[in-house]
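Heads up: the structure comes next, in structure tokens.
The values are calculated or read from the model by the stated rules, or taken from the named source; none is laboratory data. On a predicted model such as this, the values are computed, not experimentally measured, just so you know. Note that we place each Cβ from the backbone using ideal geometry, even for glycine, and neighbour counts take in every protein chain shown.
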Amino acid sequence: MTVSEGKSYVTSPVTNGQHLAGVLLRRVRLICGVILLCALAGAAYVILVPQKYIASGRILLDPIGLQIVGTGVAPRDTTRDTSAIDAESQIYVITSRAVFDRVVATEHLETDPLFGAKPRGLISSLLVALGIIKPIDPHALALRQLDRSVSVSRSANSFVVNVNVATEDRDTSARVANAIMTSYIDEENRAKAETAKRAGTSLDTRLEALQTRLRESEERYERYRSSHGIVVANGQPILEKQVTDLSGQLTTAQARVNELQSALDQIRDTKGGMVRLDAIPEAFRSGSIEILRNRYAAAKQLETNLVATLGPRHPDYTTAAAQAAEARRLLDQAMRDIVQSISAELERAKATVKGLNAQINTINSQISSSNEASVRLRELGREVDASRAIYESFLGRSRELAEQQRLENTNTRVLSYASPPLEPGGASPILILLASVLMGIGLGTAAAWFMDQLSAPRTPGRPV
């Protein structure tokens, strides 16, 4: 309701609808003109802007790679976040200049009408003809167009990357997408081999210095050894080696002395100096001792039986007693021979121990006189060992890197190659034209209403 000069005017929905219909009828030419312009704009877009065919392929990334040289195939330990960052970084590698250069070269995109040989516009051709601007290099033009045609995305929570290429030709889209995936894998292998080569070259340079240092340390060692008259065997001064060997022999000889002395202590009767048969160790028992022992035991048993049955005066008992005494005598004689043999061996072992001690003391006195020279020689020997260990470590690593240059240690592979798409991407031409007409209707209606409001006379109190 609008109040003006004391009068009221009421506007109903029916009145507004009739007014709008009247406006549309009065401005029907304007509305039709706007609809026509929008339809023509949509048709021009459909005609001038070519449809794009989007071909897609998938790559399974391997940010870490295989550990071919080493104790296993499994790579080093990495965290999930680190692997995700590495995978995200590979997206930029796929769209890098190095990969695109490979694609342009292998697919000859410089001469492809959709890339490097794309026709210039009229204005560009005129400016080039007048020398105002320089012609664009076909390779650079192909790179720019390729960069605009490619989109790369990574699937969530995975190492799968989608490579999409959109061009005006379905076969070209699939061919370029596959070339990008193949070139990326080749470039990754080349980059890793190049990295191993640079590291190997650096190691080779360092190896020369390490080899020189090892040779100099060995020469210092030999000069010092020769000037002080120190004889070395297996990297050890001969005197020290002799002491080590003699000490081992002394330990063995002393153990033999203890063994023989213990055996004598066991087989000798501590009370009457008699030899005890049961005390003889197994190592010193011979077959004859056992035979004599069994013979004596049998004769003694026969003597005991006869004295119990026939009495001590019977001739058979007398004969048995004489046989038992003879068996005992032979057994005692054999045991005394064993004792004498052990005693003689014990004396020889003691003499050996004494001689070894004398030799060790003599050599130790010689070592003491040249102790300072030996200490210095050992220091030089340790320097040689340290230099050799470092050199061999670097040499082994250098050879390992040289082998890695000839190996493919990446696990990245193409999951699915791109195939020519059946239909173009984006909205269909019919949908674009329909949207243009609907937009024209809306814009035309708005323009008609606006023009009617501008041309309508204004009177006080008139409802707007």
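Inside the stretch 180-216, residues that are closer than 27 Å to A386 by Cα and without any contact (Cβ under 8 Å) to a residue 40 or more places away in the chain make up a count of 9.
Within the stretch 87-101, residues that are farther than 15 Å from A142 by Cβ have Cβ atoms under 7 Å from residues that are in a loop (DSSP other than H, G, I, E, B) in these pairs: A87/L61; A87/P63; A87/F159; Q90/L61; Q90/P63, counting only partners at least 6 apart in sequence or on another chain. Using the structure shown, decide if I59 is assigned to a strand (DSSP E or B) and at pLDDT 80 or above. For I59, the condition - assigned to a strand (DSSP E or B) and at pLDDT 80 or above - is met.
Within the stretch 325-362, track down each residue that is of a type in the set (D, E, K, R), touching a residue at least 60 places away in the same chain (Cβ under 8 Å) and farther than 30 Å from A297 by Cβ. Outline the logic, then answer.
If we filter the stretch 325-362 for residues that are of a type in the set (D, E, K, R), which is where we start, we get 326, 328-329, 332, 336-337, 345, 347-348, 350, 354.
So of that shortlist, the ones also touching a residue at least 60 places away in the same chain (Cβ under 8 Å) come out as 336, 345, 350.
Matches in the stretch 325-362: K350 only.
With the condition kept exactly as written, say whether any residue in the stretch 406-413 is modelled with pLDDT of 80 or more, within 30 Å of V150 (Cβ to Cβ) and outside any helix (DSSP H, G or I). Scanning the stretch 406-413 turns up at least one residue that is modelled with pLDDT of 80 or more, within 30 Å of V150 (Cβ to Cβ) and outside any helix (DSSP H, G or I). Within the stretch 374-397, residues that are of a type in the set (S, T, N, Q) sit with their Cβ atoms under 6 Å from residues that are at pLDDT below 85, at 6+ positions apart or across chains, in these pairs: S374/P237.
Filtered by the rule that a residue be loosely packed, with under 14 Cβ neighbours inside 10 Å and either of a type outside the set (S, T, Y) or over 30 Å from D265 (Cα atoms) (or both), the stretch 286-296 gives G287, E290, I291, N294. Taken over the stretch 160-184, the criterion of being of a type in the set (A, V, I, L, M, F, W, C) and either crowded, with 19+ Cβ neighbours inside 10 Å or closer than 11 Å to L114 by Cβ (or both) is satisfied by V161, V163, V165, A166, A174, V176, A177, A179, I180, M181.
For every residue, the table says whether it meets (1) farther than 26 Å from E423 by Cβ; (2) at pLDDT below 90; (3) touching a Cys at 6+ places or on another chain (Cβ under 7 Å); (4) not polar (S, T, N, Q).
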| position | (1), (2), (3), (4) |
| --- | --- |
| P135 | yes, yes, no, yes |
| P138 | yes, yes, no, yes |
| S158 | yes, yes, no, no |
| T167 | no, yes, no, no |
| A179 | no, no, no, yes |
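Among E240, E219, which is the only one that is in a helix (DSSP H, G or I), among the charged types (D, E, K, R) and modelled with pLDDT of 80 or more? The conditions single out E219.
Rundown of residues vs (1) surrounded by 11 or more Cβ atoms within 10 Å (Cβ to Cβ); (2) modelled with pLDDT under 70; (3) outside any strand (DSSP E or B), yes/no style:
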{"site": "S8", "(1), (2), (3)": "no, yes, no"}
{"site": "T11", "(1), (2), (3)": "yes, yes, yes"}
{"site": "R29", "(1), (2), (3)": "no, no, yes"}
{"site": "I35", "(1), (2), (3)": "yes, no, yes"}
{"site": "A41", "(1), (2), (3)": "yes, no, yes"}
{"site": "Q51", "(1), (2), (3)": "yes, no, yes"}
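For the stretch 328-342, the criterion of being within 17 Å of N258 (Cβ to Cβ), part of a helix (DSSP H, G or I), among the aliphatic types (A, V, I, L, M) and touching a Leu at 6+ places or on another chain (Cβ under 8 Å) is satisfied by at least one residue.
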